[in-house]
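Some notes on the structure that comes next.
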Amino acid sequence: MALVTMKELLDQAKMKHGAVGAFSVGNLEMVKGAVKAAEDMNTPIILQIAEVRLPHSPLALMAPMMVEAAKKSSVDIAVHLDHGKTLDVLHQALEYGFTSIMMDGSTLPFEENIEKTLQAADLAKKYGATLEAELGLVGGSEDGSVDEGIRCTNPEDAKVFLKRTEVDALAVAIGNAHGNYPVAPRLAFDVLGAIGKITDAPLVLHGGTGITPEDFRIAISLGIRKINIATASFDSLTREAIKYLGSEGKHDYFGLNEAMVKGVYDNVTQHIRIFNCAEPL
Ligand code: 13P
């Protein structure tokens, strides 16, 4: 098994009427935990990192680790740059061997979003990489620094956007948001259904943390083929680290390392289990 493009995994997901999990990582322990979970579940995954995370987790250090982990894995893994804002960072990621990029022009006016996405499409094509874009506005923000309001994707706009950009995957806004939801969200499945009717393109659900297993399954049945999970892994890692440091006896880095890996492993395993059993309940 190997480093593969995201498109290959999206195509497989479509054939199986399922969705592939895209798990955000920010350090060695997160990469190890996510890959081990995928291998133990014998399920392909996407390893991803968002541009906004790079001040904490520099691309020059993360990228070689993510790409190498994918190459050495016993399952297929795509390596993806999540929420790219600048062509420069997308270009760097591709040079490091990422097989997929996202151009997030969702805060831009429609025409500017299309223009930026087309520039990213040219870049992706040169590297044989997959391209994801976003239309509408997913709420919250990837690192919690701003609270973007939710603007649901307009299905008619999605049709035009997909025709003009021919992206491989489209992130939609259906009431989902990044970060922890104060209460479980009420996703706009009518909007998702309307988008699914006008296109065969794989759709992406951001803000996966806190969405219920039942809602994941409904979303998958309506055309979601990639599901992004970040906060739940960061939180699970932190909980395990706190538990370890609060436990009896001596503590050292190696024990802490194992606790962090376990935190991510548990969360990724739990989500893969839901995504692999995609029939609506
Ligand atoms: P969560 O942090 O809510 O899981 O969202 C992840 C995400 O959508 C990354 O792009």
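We did not get these values from a lab; they are worked out from the coordinates using the rules stated. This one's a predicted model, so the numbers in the text were calculated from it and none came from an experiment. With ideal geometry, Cβ positions are generated from the backbone for all residues, glycine too; neighbour counts draw on all protein chains shown.
For region 1-125, the square roots of the Cα gyration tensor eigenvalues, ordered a ≥ b ≥ c, give a/c of at least 1.5 with a/b no greater than b/c, which places it in the oblate category. Of all DSSP bridge pairs formed entirely within region 1-80, close to 0 percent run antiparallel. Projected onto their three principal axes, the Cα atoms of region 166-281 cover extents of 59, 28, 26 Å, largest first.
How many percent of Cα pairs in region 152-212 exceed 13 Å?
Distances greater than 13 Å cover 59 percent of the Cα pairs.
For the pair region 82-155 / region 219-281, the C-alpha centres are spaced 26 Å from each other.
With the simple model of a label 7 Å out from the Cα in the direction of the Cβ, residue 184 to residue 200 spans 3.4 nm. Of the two radii for region 86-151, the radius of gyration is 1.01 times the Kirkwood radius, both from the alpha carbons; that is the Rg over Rh value. Distance between the 7 Å Cα→Cβ label points at residue 238 and residue 12: 3.2 nm. Kindly flag which residue pairs out of 116/159; 32/250; 32/72; 16/226; 16/72; 7/71 have an alpha-carbon separation exceeding 19 Å in this structure. From 116/159; 32/250; 32/72; 16/226; 16/72; 7/71, over 19 Å: 32/250; 16/72.
Taking every alpha-carbon pair within region 1-64, the share separated by more than 21 Å comes to 28 percent.
Entry note: region 44-188 has Rg to Rh equal to 0.97, where both radii use alpha-carbon atoms and Rh is the Kirkwood radius.
Annotation for region 120-223: trypsin sites (Lys or Arg not before Pro) lying in DSSP loop with at most 13 further Cβ atoms inside 10 Å of their Cβ are 186. Across the chain, the convex hull enclosing all Cα atoms gives 124 Å³ per residue.
The simple spin-label model puts a point 7 Å past each Cα toward its Cβ; for residue 157 and residue 247 those points are separated by 4.9 nm. Take the Kirkwood radius over Cα pairs of region 106-220, plug it into Stokes-Einstein at 20 °C and 1.002 mPa s, and you get 146 µm²/s for translational diffusion.
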